[in-house]
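First up is the structure itself, then whatever we jot down about it.
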Amino acid sequence: MAAAEKTLEQKLDKEILTLIKRSGIDKRFLISSNTLTYSNFLNNKMLMMWIIKEGVPYSLFDLILHYTPFTENYWAELLDLSTKSLQRYKESSRQFKPIQSEKIIEVAEVTNVGLDVFGDMEKFKLWLDTPNYALGNVKPLELLSDSYGKEMVIGELTRINYGILA
């Protein structure tokens, strides 16, 4: 793993920990605030739901944007915003609405699973951009615009991880 990628992961860990501590999340949903990492967060549905309801702050989105293999234009399209609107979110440090927050967390979750499976962002990105027979010869990237497509992509990544190839 590249040093820049490791540093970004550390920033994500710190941002998640700060966000969770500032929120009104019921502490019963926390494993332990000392062991909470970005990856742990993405494996905890209750924490994800809570953050989605509160809205993802731009500070977290910005880190996720740089961690995932997606461009700012792709994110703007996915979130149904213009790139100019994304810039306004950045300038005002606003929180995204729950519907946009859900998409942000879903794509972060897919990226987390993809990195677990492929171990490398470039390999994962190549897989996302390649039509997939098991997904109806559609590029996995094209399925990430809704929750059903996201579940199909995660399902296929899980099958690849267990060696079940179509």
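Values quoted throughout were computed directly from the atomic coordinates according to the rules given, and no laboratory measurement underlies them. Bear in mind the structure is a predicted one, so any value in this text is a computation, not a measurement.
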Volume of the Cα convex hull of the chain, divided per residue and given in Å³: 117
Reachable lysines from residue 123, criterion Cα separation under 21 angstrom, eight or more residues apart if same chain: 6, 139, 150
Of 21/45; 53/103; 84/125, those spanning more than 19 Å from alpha-carbon to alpha-carbon: 84/125
Amide proton proximity set for residue 94, modelled H, under 5 Å, gap of 5+: 58
Computed [θ] at 222 nm, deg cm²/dmol, the chain (DSSP H ≥ 4; -39,500 (n - 2.57); rounded to nearest 500): -19500 deg cm²/dmol
For residue 132, distant residues with modelled amide H under 5 Å away: 137, 138, 139
Amide hydrogen neighbours beyond the local backbone of residue 144, cut-off 5 Å, H modeled: none
